[in-house]
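**Q** One structure coming up, written as structure tokens, with questions to follow.
Nothing in this text is a laboratory measurement; each read-out follows from the coordinates by a stated rule. Bear in mind the structure is a predicted one, so any value in this text is a computation, not a measurement. All Cβ positions, glycine included, derive from the backbone under ideal geometry; neighbour counts span all protein chains shown.
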Amino acid sequence: MPHRNREGHRKRSLAVFPGSFDPITNGHLDIISRGLSVFDQVTIAILVNPEKHPLFTVEERVALIRESYRGNDRVKVDTFSGLLVDYAERVGAAVIVRGLRAISDFEYEFQMALMNRRLNPRIETVFMMPAESYSYLSSRLVKEVFQLGGPVRDLVPPVVERRLRDKYGAAPPSPPPPRRRARARRT
Ligand code: ADP
């Protein structure tokens, strides 16, 4: 049954998708579109963490996400610091969405979800699995591959690829294939 407010209007369901998004990848996009199939609105919430040394500033990450979702009013972008459950409560979200790529994500995510439940039992954590083709994808790997000259076109939205080029300059060309050694002249 949809929740209704006092005036009898259906309340829009809102989920928060928190993370670093440094930068946003197609794996994130996959989880967001799955979130949108269940919730009316998804707010991408970038954690402001001064101890991390991100490649993109918070403002740049917000801009990249806005650009990736231009014209989609069901996806919002915001930043937060402090406890995630406090942020979720403040914006009226009853659900936190997280992506689960592999078993390796599970233990940390499980701990976080239970801690968040202890901090605020009114907020549920929902895990979503990406398409298998994104199950190995992470922002860290995208940055490493790009820095080493590998293609990231199918791994990130086009605007992110462009901004990676701006940041690093054009990616270094892949090393040329090994040349056959010239035969020594016999004469
Ligand atoms: P964090 O530092 O919080 O892990 P990330 O930006 O790396 O921030 O990830 C944010 C969320 O997106 C996490 O729930 C993470 O598991 C999920 N996520 C990241 N990459 C993928 C992917 N390729 N497929 C599914 N979920 C992903």
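**Q** How long is the gain from residue 94 to residue 38 if the chain were fully straight, where each residue apart is worth 0.36 nm and the alpha carbon distance is subtracted?
**A** Taking residue 94 through residue 38 to full extension adds about 18.9 nm, to one decimal.
**Q** For residue 156, which sequence-distant residues (separation of 5 or more, or a different chain) have an amide H within less than 5 Å of its own amide H, given hydrogens modelled in the peptide plane?
**A** 26
**Q** Order the peptides 45-58, 16-29 from the highest to the lowest mean number of other Cβ atoms within 10 Å of their residues. The partial results should precede the final answer.
**A** Values: 45-58: 14.1, 16-29: 22.1.
Result, highest mean first: 16-29, 45-58.
**Q** Still on this structure, I have one more. Under the rule of at least 5 residues apart or a separate chain, name every residue whose amide H is placed under 5 Å from the amide H of residue 44.
**A** 17, 76, 77, 78
**Q** Whole angstrom only: what separates the Cα centroid of the stretch 137-159 from the Cα centroid of the stretch 56-129?
**A** 22
**Q** Short version: ³J(HN,Hα) in whole Hz for each residue of the stretch 113-129, in order, from phi by Karplus 6.51 cos²θ - 1.76 cosθ + 1.60 (θ = phi - 60°), x for Gly and Pro, what are they?
**A** Result, rounded to whole Hz: 5, 5, 5, 5, 5, 5, 6, 8, x, 7, 10, 9, 9, 10, 9, 10, 9.
**Q** Still on this structure: Counting each DSSP H run of 4 or more residues in the chain as -39500 (n - 2.57), what helix-only mean residue ellipticity at 222 nm follows after dividing by all residues, to the nearest 500 deg cm²/dmol? Could the numbers behind the result be given before it?
**A** Details: 6 runs with 67 residues, N = 187.
After summing the helix terms and dividing by residue count, I get -11000 deg cm²/dmol.
**Q** Per the Kirkwood formula on distinct C-alpha pairs, the Rh of the chain is how many angstrom?
**A** Averaging 1/r across every pair of different Cα atoms and inverting gives 18.6 Å.
**Q** On a straight-distance basis, which aspartates and glutamates could pair with residue 167 in a cross-link, Cα separation under 15 angstrom, same-chain partners fewer than 8 positions away excluded?
**A** Filter leaves 22, 59, 60, 144.
**Q** Moving on. Calculate the dipole size of the stretch 14-168 relative to its Cα centre from +1 charges on Lys and Arg beta carbons and -1 charges on Asp and Glu beta carbons; express the result in debye to the nearest 20.
**A** Computed about the Cα centre, the dipole is about 160 debye.
**Q** Express the relative contact order of the chain as a whole percentage, based on alpha carbon pairs under 8 Å and six or more residues apart in sequence. Mind showing how you got there, number by number?
**A** On the way: 237 pairs, mean separation 45.2, N = 187.
Once normalised by length, the contact order is 24 percent.
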